Amino acid sequence: MFRFDASTEALAEAVITYAIERTRLDPPPLDGPRSAAELRAAVGSTITEQGIGGLEALRLFADVLAPASISVDHPRYLAFVGTAPTEAAILFDLVVGASSLYGGSWLEGAGAVFAENEALRWLADLAGLPPTAGGVFVAGGSAGNLSARVAARHHARMVRPELAERRLTVIASSGAHSSITSASKVMDGDVVKVSTATGRLTGGELEQAVADLAPAALDRVYAVVATAGTTNEGIIDDLAGIAEVCGAHGWWLHVDAAYGGAALAAPSARPRFAGIEHADSFVVDPHKWLFAPYDCAALLYRDPAIARAAHTQHAAYLDVLTGGGDWNPSDYAYHLTRRVRGLPFWFSLATHGTAAYGDAIEATLALTVEVGELIRATPFVELVIEPSLSVVLFRRLGWGPDDYASWSDAVLSSGLTLTVPTAHAGETCLRFCFVNPRTTLDDVRMIIDSLA
Ligand SMILES: *Cc1c(COP(=O)(O)O)cnc(C)c1O
């Protein structure tokens with residue numbers, strides 16, 4: 001340990017070769033889970049007093065553990081929200097790992113933080129936030145949504161001191177992500193979920209829901225969470241209408257664009273985000289549809305000073321960092337130590353340019369339209385709702401929940417696809433979510449054919 005000697009040299013060669021070969025695979029194997037007991041039997045003891053050696057640990061990973069872990073960048077991984085990192089982003093992740101960078105403070109990470117901020121600036125500009133906007137890369141949309149709401153609550157209690165002792169409420173649409181409810185639990189607060197006619201929360205529906213609240217409930221509201229691309233259906237709320245209601249009440253507008261925000265870079269989709277420029281904070285995950293490896297979520301604030309006031313940690317040994325007016329990423333979310341997880345995203349953006357990102361997202365949007373047409377043209381399947389962004393919900397005629405579940409298991413085992421059932425309006429159905437520009441219509445045709 002702690003010496004770059006001949007055996008380290010051999011290990012470096014093996015590890016780098018593995019990483020290059022894995023990056024080259026097109027497509028990688030889909031792979032799939034095995035039980036802990038099977039894995040235990042296959043790998044034996046890996047943590048031993050004398051160590052098993054790096055080459056042996058790498059062999060176990062390559063032969064047993066990696067094949068038991070699904071490749072989320074497989075072009076027929078269409079479940080949940082996958083990711084499809086660019087080669088440039090993956091390779092630079094190796095550099096980040098090798099460079100011992102601390103991303104919490106400007107003092108320690110100035111160069112790396114500067115580069116992360118360049119990438120954040122691009123996202124802020126896409127949303128139309130002012131030049132003074134800024135934020136930080138956090139681990140995921142969940143962490144971003146929580147941190148934004150902590151800032152929003154802090155601000156609300158500053159400007160409305162009567163809120164200090166109250167349990168507080170946010171309003172969100174019924175399609176909002178599960179992390180919104182989860183954050184409320186962490187914050188000991190509540191969510192009022194507004195049901196919508198179409199899945200898209202409009203300003204009018206929000207206004208009506210607000211009018212229906214009892215005065216005591218209304219007095220506890222401090223923020224509205226709008227969703228720009230619901231996870232299950234890809235629906236973008238009426239951001240402009242919601243922003244107007246927030247403005248009238250003095251509420252913070254947080255836009256959860258963890259999945260859908262990538263489409264801000266696609267000229268054909270950008271108009272559907274009208275109003276996002278009014279957001280007080282917003283979240284978009286480059287590790288979903290912006291081709292970055294895990295874990296990478298961008299959290300942006302219109303007024304970063306509010307986030308700083310809410311999140312800066314104080315201690316005798318930290319004041320040297322926080323006193324000087326430097327840009328310290330630690331100050332903008334619930335965290336202190338952080339990996340500069342935005343760097344692989346920055347490197348890839350710098351390498352390829354923003355136009356390539358727009359093109360890649362447009363390609364996924366176009367594929368989604370083609371898949372909608374394919375489903376319409378196929379007699380044994382049917383769209384459940386019109387595809388939105390890159391999400392397609394469809395049913396296999398005549399099937400119930402058990403049919404979907406056993407089909408999904410079988411096509412994972414055979415290596416065809418990870419496509420899992422979801423539900424819409426109480427009905428079990430299938431869901432595709434396209435984020436991988438390597439996915440082709442032929443890939444999808446193979447999956448649809450397997451439903452015959
Ligand atoms: C995925 C998603 C989240 C959660 O993001 P993580 O990165 O998984 O924590 C939040 N909101 C929406 C709309 C999402 O799609």
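At a glance:
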quantity	calculated
Residues that are buried (at least 17 other Cβ atoms within 10 Å of the Cβ) and either over 23 Å from the mean Cα position of the chain (by Cα) or outside any helix (DSSP H, G or I) (or both), drawn from the range 116-152	L129, A133, G134, G135, V136, F137, V138, A139, G140
Candidate set: the range 192-201, residues that are closer than 29 Å to R157 by Cβ and touching a residue at least 24 places away in the same chain (Cβ under 8 Å); chosen: the one farthest from the chain's Cα centre (by Cα)	V192
Close pairs (7 angstrom Cβ cut-off, 6 or more residues apart or separate chains): at pLDDT 95 or above and of a type in the set (D, E) in the range 143-169, assigned to a helix (DSSP H, G or I) and crowded, with 17+ Cβ neighbours inside 10 Å anywhere	none
Candidates A211, A197, A217 - the one that is surrounded by fewer than 17 Cβ atoms within 10 Å (Cβ to Cβ) and at pLDDT below 95	A197
Tabulated pairs, the range 252-279, first in contact (Cβ under 8 Å) with a residue 60 or more places away in the chain and closer than 16 Å to L290 by Cβ, second surrounded by fewer than 24 Cβ atoms within 10 Å (Cβ to Cβ) and among the acidic types (D, E), C-beta under 7 angstrom, 6+ apart or interchain	A266/E362
Single match in S178, S184 (criterion: within 16 Å of the ligand (Cβ to nearest atom), modelled with pLDDT of 95 or more and either within 19 Å of G250 (Cα to Cα) or under 18 Å from the mean Cα position of the chain (by Cα) (or both))	S178
Filtered residues of the range 85-115 (kept if of a type in the set (D, E) and either touching a Gly at 6+ places or on another chain (Cβ under 6 Å) or surrounded by fewer than 20 Cβ atoms within 10 Å (Cβ to Cβ) (or both))	E87, E108
Among the candidates A356, A405, residue that is under 23 Å from the mean Cα position of the chain (by Cα), among the aliphatic types (A, V, I, L, M) and surrounded by fewer than 17 Cβ atoms within 10 Å (Cβ to Cβ)	A356
Pair list, Cβ under 6 Å, 6 or more apart: the range 290-308 residue closer than 22 Å to G323 by Cα, other residue of a type in the set (D, E) and in a helix (DSSP H, G or I)	R308/D331
Residue tally, condition assigned to a loop (DSSP other than H, G, I, E, B) and within 14 Å of the ligand (Cβ to nearest atom), over the range 280-319	7
Contacts under 8 angstrom Cβ, first residue in the range 69-89 being assigned to a helix (DSSP H, G or I), partner β-branched (V, I, T) and away from the ligand (no atom under 16 Å from the Cβ), 6 or more apart	E87/T23; A88/T351
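The values are calculated or read from the model by the stated rules, or taken from the named source; none is laboratory data. Bear in mind that the values here come from a model prediction, so they are computed numbers and not experimental data. When we count neighbours, we look across all protein chains shown, and the Cβ atoms used for this are built from the backbone with ideal geometry, even at glycine.
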